[in-house]
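Below: one structure, written as structure tokens.
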């Protein structure tokens, strides 16, 4: 006699008692799992689920009740520095020398940069299109905020300004 799992009612065969039913129970479990992962074309409730590296493909909309916490990543301080959203969607740099940024953004990805301690150092940006037509002049002493995103293979940037 099979019992079931608590959350998804998967069939658990009785040890030594479901020898002839094992294939039927497995088929039932896989069919149930297929429906859950497909969400029968409806919403998937992922409330309370923690999963590193989870990817939702083909999701039309995602409603979030509560907070979203973004990963904040500290970049190196000088030299050639790659902006990779896999490290975090908020990235900080306290410059200690000239910086040449490269990027690994894919279509639809977005990163916010906080750039401090610019002083007399320079920033070289990757090939990109800037809002209002040109790369910003960064404030030498305050925290500068820049947003980068990619659409259709084109990198875009917007200088938000600085905070003191």
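Determine whether residue 68 is out of contact with any strand residue (DSSP E or B) (no Cβ under 9 Å at 6 or more places or on another chain), within 24 Å of residue 103 (Cβ to Cβ) and modelled with pLDDT of 70 or more.
yes
I'd like the full set of residues that are in contact with a strand residue (DSSP E or B) (Cβ under 8 Å, 6 or more places away or on another chain) and either farther than 19 Å from residue 75 by Cα or surrounded by fewer than 18 Cβ atoms within 10 Å (Cβ to Cβ) (or both), limited to segment 146-158.
The answer is 147, 150, 154, 155, 156, 158.
Of all residues in segment 135-163, which are part of a strand (DSSP E or B) and on the phi > 0 side of the Ramachandran plot?
161
If residue 96 meets every condition in (1) assigned to a loop (DSSP other than H, G, I, E, B); (2) more than 17 Å from the chain's Cα centre (by Cα); (3) at pLDDT 70 or above; (4) closer than 30 Å to residue 4 by Cβ apart from one, which number is that one?
(4)
Only one of these conditions is not met by residue 132: (1) on the phi < 0 side of the Ramachandran plot; (2) not in a strand (DSSP E or B). Which number is it?
Every listed condition holds for residue 132 apart from (1).
The values are calculated or read from the model by the stated rules, or taken from the named source; none is laboratory data. Nothing here was measured: the structure is a model prediction, and the numbers come from that model. Positions of Cβ are backbone-derived with ideal geometry, glycine not excepted, and every protein chain shown enters the neighbour counts.
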